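Asks: Provided herewith is a single structure, encoded as structure tokens, for subsequent inquiry.
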Amino acid sequence: MKYPETIFFIGKGGTGKSTTSALISLMFANTHKKVGLASFDYAHNQSDIFEKNLSDKAYPINPFLKVLQINRDKEIKKYLKDTLQNVKKTYSYLTAFNLGDYFDVLKFSPGMEEYALVTAFLNVRKQFMDYDYLIIDMPPTAVALRFFNLPSLSLAWIEQLEKLRMEIYKKKEIISKIKIAGKEFERDKVLSKIREIKETYITLKNIFQTKKKSTLYIVFNHDLLSINETKRIIEDLNNFHINTAGLICNNRQNNSDTSDLKDMPLSGQIKFLPFSDTPLIGEIALQKFIQANNLSTEKVLNLKN
């Protein structure tokens, strides 16, 4: 199976992540690379940028670019439904209870949003299998950072559950496997599910931390608040062992003095999107901006097509 290289765009709300994601997607598409652009941002900015009523079904902008919008509430409901079905299969003796009522409460629990987005990401990644690139327009900083840290946090918890389950095995003297015709079959559905979930988060952690599988760029504006938040994002990502491939300054104020950026982490990897005196709305306007400024992924991302 060939999965696309994933490129995440993260940053403070309002810095221009969505516009940057759209421009980069079109730059790739202009070189006949197959690109999927998925907006995880709840503001639905990609719908406004491309002037299309986007949904979770990929919409073809041109022969090489498809765009979709993740529906957060729908993804949370789907995640809860799938989880409920898994619980019923694993704990069949609980079918007498009305589990649906309990799961209705879970939609308000902390972390549910990130779990739903992670599941959506895995599904989108499969949807764009055999594409060259998958561009992810991330939600604002707080949710995005929890999204990237979720695999590590979940693995720490899952590994403890696995140990606990094994201790229960020992104390209750449960035989975990039976042999039939020389084959071994796992008898404990709970342990099997724990290990299945563990593998999912190991896969996710590997995707986020492996350069060949995904890269991450931070979009910021040339102002103090945006610069300071960008510094904190870089620090947090380093703590998650996730590499920041570069910084993109969306130069909204047309500021040519960049001396105040020299002390920023990764200052040598800052690329600038030129100032635009017209709104970048619609594919035609985006393409004109790319052509007028002679932009390419090689110039903006240091990636060769």
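Conditions tested, residue by residue: (1) at pLDDT below 95; (2) assigned to a helix (DSSP H, G or I); (3) farther than 29 Å from ALA142 by Cβ.
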| position | (1), (2), (3) |
| --- | --- |
| LEU37 | no, no, no |
| ASP41 | yes, no, no |
| ILE61 | no, no, yes |
| ASP82 | yes, yes, no |
| ALA96 | yes, no, yes |
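Asks: Further question on the same structure: Can you pull out every residue in the range 263-305 that is touching a Leu at 6+ places or on another chain (Cβ under 9 Å), among the hydrophobic types (A, V, I, L, M, F, W, C) and on the phi < 0 side of the Ramachandran plot?
Replies: MET264, ILE270, LEU273, LEU280, LEU286, PHE289, ILE290, LEU295, VAL300
Asks: Still on this structure, please answer the following. Would you say PHE275 is touching a residue at least 24 places away in the same chain (Cβ under 8 Å), aromatic (Phe, Trp, Tyr) and part of a loop (DSSP other than H, G, I, E, B)? So that I can check it myself, show each step before the final result.
Replies: Values: touching a residue at least 24 places away in the same chain (Cβ under 8 Å): yes; aromatic (Phe, Trp, Tyr): yes; part of a loop (DSSP other than H, G, I, E, B): yes.
Considered against the rule, which asks whether it is touching a residue at least 24 places away in the same chain (Cβ under 8 Å), aromatic (Phe, Trp, Tyr) and part of a loop (DSSP other than H, G, I, E, B), PHE275 comes out as yes.
Asks: Let me ask something else about it. Being at pLDDT 95 or above and closer than 21 Å to THR15 by Cα, is that true of even one residue in the range 258-279? Please lay out each step first, then the result.
Replies: Residues of the range 258-279 at pLDDT 95 or above: none.
Taking every residue of the range 258-279 in turn, none turns out to be at pLDDT 95 or above and closer than 21 Å to THR15 by Cα.
Asks: Can you tell me which residue is farthest from PRO274 (Cα to Cα) among those in the range 27-39 that are in contact (Cβ under 8 Å) with a residue 60 or more places away in the chain and surrounded by fewer than 23 Cβ atoms within 10 Å (Cβ to Cβ)? Give the steps one after another, and end with the answer.
Replies: Taking the range 27-39 and keeping what is in contact (Cβ under 8 Å) with a residue 60 or more places away in the chain, we get 27-28, 30-31, 33-39.
Narrowing further to those that are surrounded by fewer than 23 Cβ atoms within 10 Å (Cβ to Cβ): 30-31, 33-34.
On the way: ASN30: 19, THR31: 21, LYS33: 24, LYS34: 25 Å.
Only one residue fits best here, namely LYS34.
Asks: Of all residues in the range 240-289, count the ones that are loosely packed, with under 11 Cβ neighbours inside 10 Å and polar (S, T, N, Q).
Replies: Number of matching residues: 5.
Asks: State whether the residues of the range 10-24 include one that is part of a loop (DSSP other than H, G, I, E, B) and either in contact with a Gly (Cβ under 8 Å, 6 or more places away or on another chain) or surrounded by fewer than 21 Cβ atoms within 10 Å (Cβ to Cβ) (or both). Step through it out loud before you land on a result.
Replies: Residues of the range 10-24 that are part of a loop (DSSP other than H, G, I, E, B), as a first pass: 11-16.
Add one more test, that the residue is either in contact with a Gly (Cβ under 8 Å, 6 or more places away or on another chain) or surrounded by fewer than 21 Cβ atoms within 10 Å (Cβ to Cβ) (or both), and what stays is 13-14.
Yes: the range 10-24 contains one or more residues that are part of a loop (DSSP other than H, G, I, E, B) and either in contact with a Gly (Cβ under 8 Å, 6 or more places away or on another chain) or surrounded by fewer than 21 Cβ atoms within 10 Å (Cβ to Cβ) (or both).
The values are calculated or read from the model by the stated rules, or taken from the named source; none is laboratory data. Nothing here was measured: the structure is a model prediction, and the numbers come from that model. Cβ: placed from backbone, ideal geometry, glycine included. Neighbour counts: every protein chain shown.
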